[in-house]
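K.L.:
Before I ask anything, here is the structure I am working with.
A short reminder: the numbers here are calculations on the coordinates, not readings from a lab. The model shown is predicted, which means the values in this text are computed figures rather than measured ones. Please note: Cβ atoms are built from the backbone with ideal geometry, for glycine as well, and neighbour counts cover all protein chains shown.
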Number of protein chains: 4
Amino acid sequence: MPQTAVVVIDMINTYEHEDAEALVPSVRKALPHIAHLLTRARESGTPVIYVNDNFRRWRSHHGELLDAALAGRHGELVEPVSPDEDSLFVVKARHSIFYETPLAYLLGDLGVEQLVLCGQVTEQCVLYSALDAHIRHFDVVVPPEAVAHIDADLADAALRMMRRNMAAMTCSIDAITLDPAR
Amino acid sequence: MPQTAVVVIDMINTYEHEDAEALVPSVRKALPHIAHLLTRARESGTPVIYVNDNFRRWRSHHGELLDAALAGRHGELVEPVSPDEDSLFVVKARHSIFYETPLAYLLGDLGVEQLVLCGQVTEQCVLYSALDAHIRHFDVVVPPEAVAHIDADLADAALRMMRRNMAAMTCSIDAITLDPAR
Amino acid sequence: MPQTAVVVIDMINTYEHEDAEALVPSVRKALPHIAHLLTRARESGTPVIYVNDNFRRWRSHHGELLDAALAGRHGELVEPVSPDEDSLFVVKARHSIFYETPLAYLLGDLGVEQLVLCGQVTEQCVLYSALDAHIRHFDVVVPPEAVAHIDADLADAALRMMRRNMAAMTCSIDAITLDPAR
Amino acid sequence: MPQTAVVVIDMINTYEHEDAEALVPSVRKALPHIAHLLTRARESGTPVIYVNDNFRRWRSHHGELLDAALAGRHGELVEPVSPDEDSLFVVKARHSIFYETPLAYLLGDLGVEQLVLCGQVTEQCVLYSALDAHIRHFDVVVPPEAVAHIDADLADAALRMMRRNMAAMTCSIDAITLDPAR
């Protein structure tokens, strides 16, 4: 069984961008599922890695990004999926979790072979990250109930692309076997 | 007007992979349009860069890849869009034209700001390359008649993703203004 | 005149590694010069970017790395060159400031063309960072009084390599013209 | 024992650059040792990978680069270390063998863990490549008799840096155990 890590994409968010209105209902729906995935990961000792946009705040660290998100207009969408003391962090500046970030290095360091992706946005950062993981020969799992979208049709197409062209498994959280990486 | 290069993706191909049957009719349809784009590029002095998979043949150079494709089962899909003496070449090993290739360096060297993408496969390498170009702040143009797909629905979704999420222009070849990079 | 940023390499340090004894006297000597460079940068509005090893503490953010260094055995080597509220931060996991970090992206975002490097270790991270900056076509300036070494001979060779093979200027801090990037 | 590949750096060369005069005598001296290393590699089935500058000739393939070098002013320095039919090729545009090239991908594909570096220039591309290999956690071996320099003092410092700071072994060719990667 491949060694696994759970990656939480862009959930530390102030929801101030222009697509927020379309996104928020989908985040609200995914939220308990992401929280459930985090609980399963934490109970099994699977590393949880938050990879989050820094919104061009190169002065802020991830604690400050979290504080701003909690204090923002949708703190209730951030609090249930907040990092705990064991969570790992990687800050990104662009869409993909791998582009110009140390994530690949961290995953190599941990011996991770399989990534479970959750978070937002299905047809954007999640899709691009699944691709960049597949290109780097990671196994990719995306539980559809744990990713949030802006455009339902494109999100559906994105999930089909992941399955068909990136060899991704798109199964429910409880069907995922977690064999923690150390 | 931004300095432009035309990128021809994976058209040097032996069509021996499992999706070839679904792909070939779409390539056949795109072929004269790609040839027309190449003619326009060459007449205007716009650089044409072939970025092509090496199919794990690390011993072969691009001349040999071309010979194999011309001698393959669908040489007639390769010949009309073959490189000429001025064509530039970058060999890739994975899906995106940028992943572990010197393309970004070459484009910087040429001063290119805008990429016109053509070739195959719309919902795979073309989509991923459009994304990786957008992440790197290139302007992206994709003429829909000059890209070939395996799955028509996913190709349509891919073009919508490019427009909506990667700021790509998807206009016809004759609507593109070519201001050549040097 | 090229737009400039000052990069402070690995000065947030607990000095617990095996080479610390050889390094500390050189850091002590460089310290007032680095502080002087920081003063000049801050007065002129030149961006100051701390690029610092995370010592595999993927849970910690840069504020925590700073706190640990200030509380460490050589807090007096950290305090005079500590970041202020305007300082930018990039965390690195390996030697070069560019390897698997968002630094290149940040510099592009700021329009930086020239890097003034200071910090430690001259014949290691400073040398590698100068090389990686030169490969990416940045102008490199290294004030010899503002970099600290472990091995004086290798540090001298490193500075000659930077001059001869990386087109770096190795001039004193007061000879540097700072034209701030924004 | 780690799986090994031999990397030949920049030996396909027309020797027309300004440092050629200083470099050629050192290449002449290293040449029989490189040829000996190639013989050992080929007899043991160890992959030999040529990583060579393309001198900004993006139109040429490696066969053409080789032809130009053989026909150049120092063809006698190229012929004895020419690629054979089993040699692999990676073209580079800048100093390091890893920067914007598919080498890391190829090495992963082959399962290589240890690199034996030979070629030119000790205190430039060989040094930078050793560093970039070390950063990526490859074991590095550099036989001093099989690398050529421009500046003897800097070359000596470079070899000390590789040993001290990049955990490189600098032993003679016959002391290297070759366990071929496949």
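K.L.:
To the nearest whole percent, what portion of all C-alpha pairs in the range B:89-182 is separated by more than 14 angstrom?
P.N.:
64 percent
K.L.:
Is there a simple number for the mean count of other chain Cβ atoms within 10 Å of the Cβ of residues in A:112-125, and what is it?
P.N.:
Working: counts 0, 0, 0, 0, 0, 0, 0, 0, 0, 1, 0, 5, 5, 1.
What the average comes to for A:112-125 is 1.
K.L.:
B:LYS92: which lysines have alpha carbons under 27 Å from its alpha carbon, excluding same-chain residues fewer than 8 sequence positions away?
P.N.:
A:LYS92, B:LYS29, D:LYS92
K.L.:
Right, another one. Using DSSP to define loop residues, name the GluC sites (Glu not before Pro) in the range C:48-136 whose beta-carbon has at most 14 other beta-carbon atoms within 10 Å.
P.N.:
Numbers: sites: C:GLU64, C:GLU76, C:GLU85, C:GLU100, C:GLU113, C:GLU123; in loops: C:GLU85, C:GLU100, C:GLU113.
Within the range C:48-136, the qualifying GluC sites (Glu not before Pro) (loop, at most 14 other Cβ atoms within 10 Å) are C:GLU85.
K.L.:
Related question: Treating only the Cβ atoms of Lys and Arg (+1) and Asp and Glu (-1) as charged, compute the dipole magnitude of chain B about its Cα centre; round to the nearest 20 debye. Kindly include the intermediate steps, with their values, before the conclusion.
P.N.:
Values: 15 positive and 26 negative charges, 65 e Å.
Roughly 320 debye for chain B.
K.L.:
Can you give the helix-only mean residue ellipticity at 222 nm for chain C, where every DSSP H stretch with n ≥ 4 adds -39500 (n - 2.57) and the sum goes over all residues, rounded to the nearest 500 deg cm²/dmol? It would help to have the intermediate numbers written out before the result.
P.N.:
Working: 5 runs with 65 residues, N = 182.
Using -39500 (n - 2.57) per qualifying helix, the result is -11500 deg cm²/dmol.
K.L.:
Count, for each residue of A:40-51, the Cβ atoms from other chains sitting within 10 Å of its Cβ, then give me the mean as a whole number. Let's see the in-between values first.
P.N.:
Details: counts 0, 0, 0, 0, 0, 0, 0, 1, 0, 1, 0, 0.
Partner-chain Cβ atoms within 10 Å, mean over residues of A:40-51: 0.
K.L.:
Can you tell me the convex hull volume per residue for the protein assembly as shown, based on C-alpha atoms, in Å³ to the nearest whole number? Display every interim value, and only then the final one.
P.N.:
Details: hull volume 117.2 nm³, N = 728.
About 161 Å³ per residue, rounded to a whole number.
K.L.:
Please name which of C:VAL6, C:ALA181, C:ALA69 has its Cα lying farthest along the dipole of chain C towards the positive end, using unit charges on Cβ (Lys, Arg +1; Asp, Glu -1) and the Cα centre as origin.
P.N.:
C:ALA181
K.L.:
Starting from the Kirkwood radius over alpha-carbon pairs of chain D, derive D by Stokes-Einstein at 10 °C in a medium of 1.306 mPa s and give it in µm² s⁻¹. Spell out each step's value before the answer.
P.N.:
On the way: Rh = 16.0 Å.
Estimated via Stokes-Einstein, D reaches 99 µm²/s.
K.L.:
While we're here: What does the structure give for D:92-103 when I average, per residue, the other chain Cβ atoms found within 10 Å of the residue Cβ?
P.N.:
Working: counts 2, 6, 7, 6, 3, 0, 2, 7, 12, 5, 11, 1.
Mean shielding by partner chains, rounded to a whole number: 5.
K.L.:
Starting from 0 in steps of 10 Å, tell me what percent of the Cα-Cα pairs of the range D:81-131 lands in each bin.
P.N.:
Over the range D:81-131, the share of Cα pairs per 10 Å bin runs 22, 55, 24, 0 percent.
K.L.:
Fewest Cβ neighbours within 10 Å first, please rank B:THR46, D:THR170 accordingly.
P.N.:
Details: B:THR46 23, D:THR170 16.
The most exposed by this proxy come first: D:THR170, B:THR46.
K.L.:
Taking a label point 7 Å from Cα toward Cβ, how far is B:ALA152 from its twins in the other copies, in nm, shortest first?
P.N.:
Ordered by distance, the counterparts are at 2.5, 7.4, 7.8 nm.
K.L.:
Hey, another quick one. Mind checking the range C:16-58 for GluC sites (Glu not before Pro) that DSSP puts in a loop (not H, G, I, E or B) and that have at most 14 other Cβ atoms within 10 Å?
P.N.:
Values: sites: C:GLU16, C:GLU18, C:GLU21, C:GLU43; in loops: C:GLU16, C:GLU18.
Counting only loop positions with at most 14 other Cβ atoms within 10 Å, the GluC sites (Glu not before Pro) in the range C:16-58 are C:GLU16, C:GLU18.
K.L.:
Another question, if that's okay. Using +1 at the C-beta of Lys and Arg and -1 at the C-beta of Asp and Glu, which of D:TYR105, D:ILE34, D:SER44 has the Cα lying farthest in the positive direction of the dipole of the range D:4-175?
P.N.:
The residue sitting farthest along the positive end of the dipole is D:TYR105.
K.L.:
If you stretched the chain out fully between A:ASP156 and A:ASP174, how much longer would it get, using 0.36 nm times the residue separation minus the C-alpha to C-alpha distance? Could the numbers behind the result be given before it?
P.N.:
Working: separation 18, 0.36 × 18 = 6.48 nm, distance 2.07 nm.
In short, 4.4 nm is gained.
K.L.:
Sorted from fewest to most neighbouring beta carbons within 10 Å, what does the list A:THR39, C:THR14, B:THR4 look like?
P.N.:
Working: A:THR39 11, C:THR14 17, B:THR4 23.
Ascending Cβ contact count within 10 Å gives the list A:THR39, C:THR14, B:THR4.
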